[in-house]
Amino acid sequence: MLRNGPLALLFNALVIIFILAPLVIVCWVAFTPASTLTLPTTEFSLRWFRAIFEHSNFITSFKNSLWLAFFSATLAVVLAVPAAIAISRYEFRGKQFLNGLFLSPLMIPHLVLGIAMLRFFALIGQTGTFSWLMLGHVIVITPYVMRLVLASLVGFDRSIEDAAISLGAGRARTFVRVTLPMIMPGIAGGWLLAFINSFDELTMSIFITSPSTITLPVRMYTYATESIDPMMAAVSAMVIALTAVAMVLLDRVYGLDRILVGQH
């Protein structure tokens, strides 16, 4: 069994510190009592967290992002699960094209997608609506669900399904009672990744949001261009905390190790 040497452990520790340091600093700055972006040293304050709730626009944008991410991630699961099952189990004409189509948004810059969608929505007269904004997010986040569901289907023992069918269960019941629970870690992990990516999406959303559908990242971006107070650090700290809670809950329910390897 291979063991990490001191240099490898040091390198891993430095990488972790490099990744976590900006998050820690942002969360630290969020508790400053000052009116500028400074690290609190002798006193901590919830001033900027209270300031968030005094800005109704941020609360509205947070709700927009929350509902948008929820519905987009759910619709992405509805689209990706049957597509992943078809791709992993059957041979048919256009299989590779279908797989590439679902994964192609990973290779296209979101800036390009945003401009293309803005032009398309303008041509059909649907700019600024929540439904079309959700469609844009679904296109971007579906590959995350697709990849994890495909991973959970690798090495899937179909003899269990055959056993259920031989005992009298129909195909629909077999899917709901046997197949779905066995690939649920991949589905749950894909849904969570899709939710987080939709919630955090900025580049594409800038082009296709309207005043009534502005998401939290777009609101934060526009506010940060006009002000340098620490309220953005407080908002970021809350988002980081919500993401961390979601990851902990997912780990408790399914186990992140099972999700990452796509195994039950």
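Values of log10 I(q)/I(0) for region 122-232 across q = 0.10, 0.11 Å⁻¹ run -0.49, -0.56, by the Debye formula with one identical scatterer at each alpha carbon and no solvent. Projecting the Cα atoms of T32, A116, T225 onto the charge dipole of the chain (Cβ charges, centred on the Cα centre) puts A116 farthest toward the positive pole.
Label-to-label distance for D157 and R119 is 5.2 nm, based on points extended 7 Å past Cα in the beta-carbon direction. Please state the shape class of the chain: rounded when a/c is under 1.5, otherwise prolate if a/b exceeds b/c and oblate if not, all from the C-alpha gyration tensor. Taking the square roots of the gyration eigenvalues as a ≥ b ≥ c, the chain is oblate.
Compared with the direct C-alpha span, the chain from S166 to S210 gains 10.4 nm at full extension, assuming 0.36 nm per residue.
Across region 147-215, C-alpha contacts under 8 Å between residues 6 or more apart give a mean separation that, scaled by the residue count, equals a relative contact order of 38 percent.
Summarising the label geometry, the points placed 7 Å from Cα in the beta-carbon direction at W67 and D251 lie 3.3 nm from one another. Put a plus charge on the Cβ of each Lys and Arg, a minus charge on the Cβ of each Asp and Glu, and nothing anywhere else: the dipole of the chain about its Cα centre is then about 620 debye. As a length-normalised measure over Cα pairs under 8 Å and 6 or more apart, the relative contact order of region 55-261 settles at 34 percent. Taken as entire DSSP H runs, the helices of the chain that both span 24 Å or more between Cα atoms along their own long axis and average 0.0 or more on the Kyte-Doolittle scale are 6-29, 56-89, 130-153, 180-200, 231-253.
Placing unit charges on each Cβ (+1 for Lys and Arg, -1 for Asp and Glu) gives the chain a dipole about its Cα centre, and among F58, I165, L106 the Cα reaching farthest toward its positive end belongs to I165. Legend: P(r) of region 65-128 from all alpha carbon pair distances, 10 Å bins from 0, whole percents, reading 17, 33, 38, 12, 0. Taking 7 Å steps out from each Cα toward its Cβ at L111 and A21 produces label points 2.7 nm apart.
No value in this document is a laboratory result; all are computed from the given coordinates. Just so it is clear, the model here is predicted, and its values are computed rather than measured. So basically every Cβ, Gly included, is an ideal-geometry build from the backbone, and we count neighbours across all protein chains shown.
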